[in-house]
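The values are calculated or read from the model by the stated rules, or taken from the named source; none is laboratory data. Owing to the predicted nature of the structure, the values given are computational and were not obtained by experimental measurement. Virtual Cβ from ideal backbone geometry, glycine too; neighbours counted across all protein chains shown. Areas reflect the complete protein model, heavy atoms only, side chains present, ligands, DNA and RNA absent. Shrake-Rupley method; radii C 1.70, N 1.55, O 1.52, S 1.80 Å.
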Amino acid sequence: METRIHTVAFTGHRNMNREDVLLLPSLLEEIILRLSARGAVVFRAGGAMGFDTLAALKVLDMQTRLPQLELELVLPCRNQTERWDAASVRTYNYILNHTNRHSFLYETYVDGCMLARDRKLIDGADACVAYCARSHGGTAYTCAYALKNGLELINLYDLLHP
């Protein structure tokens, strides 16, 4: 029997290959449905471009069918989008305006704020859904931190590239 869970953290790369980007929305939906059936209600994302954005948008999309789902953003700093292009900022603002709750860890960018965000995503979560294709960098760190803290880890990259 699978363990019941309540809170799921998302982590993943900002840059992904095109084929995976096309496949991820349906795979995310399948995984979110599976986790929801096990009791997951809160889905956390870190507000970054790439995988975080895909995952957050998928949770928002699924709320129309599963209104119990909650999207929580754990954001490193208020000026996270300062150097982003206009389209990415619009998407970020859309997600921010439709989330169930959000928090900023820092007012402005400081060294270590992204890693602090990554740890906060994991702390108190029961499972982590990742898109991790490399053994180094922030996503790999977050996956290792999740495993160290006893979370169930589902790496979508491994499912797409068996």
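Points to keep in mind about this one:
- The range 119-139 residues that are in contact (Cβ under 8 Å) with a residue 24 or more places away in the chain, paired with ones that are in a loop (DSSP other than H, G, I, E, B) and small (Gly, Ala, Ser) (beta carbon under 6 Å, 6 or more apart): Leu121/Gly46
- Extreme residue, most open to solvent (accessible area, probe 1.4 Å), among residues of the range 136-162 that are of a type in the set (Ser, Thr, Tyr) and over 15 Å from Met16 (Cα atoms): Tyr141
- Residues satisfying the stated conditions in the range 122-162, i.e. in contact with a helix residue (DSSP H, G or I) (Cβ under 7 Å, 6 or more places away or on another chain), within 17 Å of Phe43 (Cβ to Cβ) and of a type outside the set (S, T, N, Q): Ile122, Ala127, Cys128, Val129, Ala130, Tyr131, Ala146, Leu151, Leu153, Ile154, Leu156
- When the range 1-42 is filtered for residues that are among the acidic types (Asp, Glu) and either within 21 Å of Asp123 (Cβ to Cβ) or at pLDDT 95 or above (or both), the ones remaining, listed by number, are Glu19, Asp20, Glu29, Glu30.
- Close pairs (7 angstrom Cβ cut-off, 6 or more residues apart or separate chains): in a strand (DSSP E or B) in the range 1-26, among the hydroxyl-bearing types (Ser, Thr, Tyr) anywhere: Thr11/Thr139; Thr11/Thr142; Gly12/Tyr131; Gly12/Thr139
- Residues satisfying the stated conditions in the range 8-46, i.e. hydroxyl-bearing (Ser, Thr, Tyr) and surrounded by fewer than 21 Cβ atoms within 10 Å (Cβ to Cβ): Ser26, Ser36
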